[in-house]
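Report on one structure; see the data block that follows.
The values are calculated or read from the model by the stated rules, or taken from the named source; none is laboratory data. Quick caveat, the model's predicted, so the values are computed rather than measured. FYI the Cβ positions are ideal-geometry reconstructions off the backbone, even for glycines, and counts take in every protein chain you see.
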Amino acid sequence: MNILPFSSSVKRIPIWGLGCAGGASGLARAFEYCKAFPKANVLVLAVELCSLTFQLDDRSKSNLIGTSLFGDGAACMLVCGMESPVVKAKKTLPHIFAAKSVLKKDALDVMGWDIRNNGLYVIFSKDIPTLVANWLKPVVEDFLAEQKLSWNEISHFIAHPGGKKVIQAYEEAFGIHREMTADAAFILRKYGNMSSPTIFYVLERVLKKSIRSDEIGLACALGPGFSTELLLMRWT
């Protein structure tokens, strides 16, 4: 804010601890703010320095997987209210119309950090792909049903690529073709899992496509807690 010409009255809302779900959660909170203040513009910043958590002396499987899977990253997205003067684009853009946060009870051992005197130690359960099928699938189906939608009406799946097995679990659980997870897989191969910013990178690839009006996209991310953040958007 000292370098760019931001107003000195910009409202800053720092959010920490949502991990891989942070980017989707930030978009959801921005959407809710813009519903309340339709002339507002919300710049959502996601910054992660995952490499700072590397533990040299930790030879555990979780640390080795976490080190090979996670990387540093930063990204931002601008979310505008429907009455914002910024919205002048003539191209078809996604409009968020629903969001949902869901927490799985008593699941702190699935994903997160064990904070010790000498730093952060990753908690990364091997059961996450199974949870996609057994827990996330009905959560997503309920969310779609609340909006009177079905999977057949979803044209774009903007998924946070937690890892290769998580992407495969999405495909198997929701019965979707690999084409719908191709953008997530590409970002995972090129950048790794950057935690919260990663879904912004996936969404950027989707935004570059020629998408027809009224097509619907579902954004999905999993995070510590164990939790999920879900958003529905319609191109108009």
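Scanning region 76-120 for residues that are among the small types (Gly, Ala, Ser) and over 26 Å from residue 140 (Cα atoms) returns 84, 89, 119. Answer yes or no as to whether residue 98 is crowded, with 16+ Cβ neighbours inside 10 Å, part of a strand (DSSP E or B) and touching a helix residue (DSSP H, G or I) at 6+ places or on another chain (Cβ under 7 Å). Answer is no for this residue.
Would it be correct to say that residue 228 is under 23 Å from residue 16 (Cα atoms), in contact with a Pro (Cβ under 7 Å, 6 or more places away or on another chain), touching a residue at least 12 places away in the same chain (Cβ under 8 Å) and not aromatic (Phe, Trp, Tyr)? When the stated conditions are applied, residue 228 does not pass them. Residues of region 52-69 include none that is under 26 Å from residue 205 (Cα atoms) and either charged (D, E, K, R) or in a loop (DSSP other than H, G, I, E, B) (or both).
Which of the residues spanning region 199-226 are farther than 18 Å from residue 30 by Cβ and buried (at least 22 other Cβ atoms within 10 Å of the Cβ)? Result: 222, 226. Report whether or not residue 20 is closer than 19 Å to residue 121 by Cβ and outside any loop (DSSP other than H, G, I, E, B). Criteria met by residue 20.
Within region 16-43, being of a type in the set (A, V, I, L, M, F, W, C), free of Cβ contacts under 8 Å to residues at least 60 places away in the same chain and either farther than 13 Å from residue 195 by Cβ or in contact with an Asp or Glu (Cβ under 9 Å, 6 or more places away or on another chain) (or both) holds for 30, 34, 36, 37, 40, 42, 43. Across region 192-223, the qualifying residues are those that are part of a strand (DSSP E or B) and within 16 Å of residue 166 (Cβ to Cβ), and the one among them that is nearest to the chain's Cα centre (by Cα) is 221. Within region 81-93, residues that are over 24 Å from residue 156 (Cβ atoms) sit with their Cβ atoms under 7 Å from residues that are modelled with pLDDT of 85 or more and surrounded by 10 or more Cβ atoms within 10 Å (Cβ to Cβ), at 6+ positions apart or across chains, in these pairs: 83/38; 83/39. Exactly one residue out of 72, 57 is in contact with a strand residue (DSSP E or B) (Cβ under 8 Å, 6 or more places away or on another chain), surrounded by fewer than 19 Cβ atoms within 10 Å (Cβ to Cβ) and not polar (S, T, N, Q), and it is 72. Scanning region 136-191 for residues that are farther than 19 Å from residue 228 by Cα, touching a residue at least 40 places away in the same chain (Cβ under 8 Å) and assigned to a helix (DSSP H, G or I) turns up 153, 191. Here residue 194 fulfils each of the conditions (1) modelled with pLDDT of 95 or more; (2) in contact with a strand residue (DSSP E or B) (Cβ under 8 Å, 6 or more places away or on another chain) apart from (1).
You will find that of 159, 182, the residue that is touching a helix residue (DSSP H, G or I) at 6+ places or on another chain (Cβ under 7 Å), aliphatic (A, V, I, L, M) and either at pLDDT 90 or above or crowded, with 19+ Cβ neighbours inside 10 Å (or both) is 159 and no other. Anything in region 41-70 that is modelled with pLDDT of 90 or more and in contact with a Lys or Arg (Cβ under 9 Å, 6 or more places away or on another chain)? List them, or say none. Of everything in region 41-70, those that are modelled with pLDDT of 90 or more and in contact with a Lys or Arg (Cβ under 9 Å, 6 or more places away or on another chain) turn out to be 42, 44.
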